[in-house]
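These notes are about the structure you will find just below.
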Amino acid sequence: MIVIKDGQFLVKKQSQWGTLVFKEIDRETAKKIIVNNHYSHKWNSAFGKVNIGVFKDLDEDICLGVASFGNMMNPRSFKSISEDLNIDNIIELNRLWVDDCLGKNTETILLSACWTIIRNKYPNIKVVQSFADGRLGCGTIYKAASFKYYGYSESLFYENIKTKEVQHKVPMENTLRPQGMIRLNAEYCSGILKAFKVKTYRYIFLLDKRINIKLKEKPYPAYDKGLIYI
């Protein structure tokens, strides 16, 4: 059931966990929740354009989950997705976290609520893109939420065998910062860093079904953790 309270848009759904309320939250609150709870514990400056939280019951002050949407990491790449889009028509789902106390399928319910809120409050947004980190799986939540799948890319990372810190390949090759580049390559040569490839799975959800996507849609991938040590 959709309700309006005090001029604020809310989505209210009944579930086995009681009444769930979905509403926008501010960027700083979303950032704090994600940094404290999301597996990455990271927040990027492009994140937080739209943030929608899930609460249990109307009077509950504790946010038990958040979906945070932001600008594309490569803002001009929208041109490769569709000729029907401009830069303001697409956002990325950057972070999604739901407290385990609400059950796994609450993530799907949260995304469904997000689509309702975004369509009503941000009609300029037509497309949502997201990427699944192969270290966790191939993105089965996106299949459940009716995203379309458009293949994967591979990225090279390095893991410090002592600290378990993970480093993308870019600083290993960045000649503009030679001190860091040399240090990291020295650590790799000495066996401190272990290289691995990660598959990043690409998903797109159409808020406006009239948008024509240029990319070739592919069958959903079989479940796999796209991490390969090399």
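The values are calculated or read from the model by the stated rules, or taken from the named source; none is laboratory data. Since this is a predicted model, take the numbers as computed values, not measurements. Because the Cβ atoms are built from the backbone with ideal geometry, glycine has one as well, and the counts that use them run over all protein chains shown. Ligands, DNA and RNA are stripped out before the accessible areas are found, and what is left, the full protein with its side chains, is counted by its heavy atoms. Shrake-Rupley method; radii C 1.70, N 1.55, O 1.52, S 1.80 Å.
Brief remarks follow.
- Every residue from segment 142-169 that is more than 16 Å from the chain's Cα centre (by Cα), without any contact (Cβ under 8 Å) to a residue 40 or more places away in the chain and surrounded by 13 or more Cβ atoms within 10 Å (Cβ to Cβ): Y158, E159, N160, V166, Q167, K169
- Options I182, I192; residue that is touching a residue at least 24 places away in the same chain (Cβ under 8 Å) and over 28 Å from V128 (Cβ atoms): I192
- Any hit, segment 173-189, residues being under 30 Å from D88 (Cβ atoms) and not polar (S, T, N, Q): no
- Close pairs from segment 36-48: first farther than 11 Å from W97 by Cα, partner part of a loop (DSSP other than H, G, I, E, B), Cβ under 9 Å, at least 6 apart: N44/M73; A46/N71; A46/M72; A46/M73; F47/N71; G48/D26
- Any hit, segment 171-178, residues being farther than 27 Å from L215 by Cα and surrounded by 14 or more Cβ atoms within 10 Å (Cβ to Cβ): yes
- Residue check, A186 farther than 25 Å from L96 by Cα, open to solvent by less than 60 Å² (accessible area, probe 1.4 Å) and outside any helix (DSSP H, G or I): no
- As for segment 88-99, it holds no residue that is more than 19 Å from the chain's Cα centre (by Cα) and either open to solvent by 30 Å² or more (accessible area, probe 1.4 Å) or among the hydrophobic types (A, V, I, L, M, F, W, C) (or both).
- A count restricted to segment 46-87 and to residues that are more than 23 Å from G139 (Cα to Cα), part of a loop (DSSP other than H, G, I, E, B) and open to solvent by less than 30 Å² (accessible area, probe 1.4 Å) stands at 1.
- Restricting segment 191-208 to residues that are at pLDDT 95 or above and in a loop (DSSP other than H, G, I, E, B), the residue that is nearest to D84 (Cα to Cα) is D208.
- Considering residues of segment 1-45 that are small (G, A, S) and farther than 26 Å from M73 by Cα only, the residue modelled with the highest pLDDT: G18
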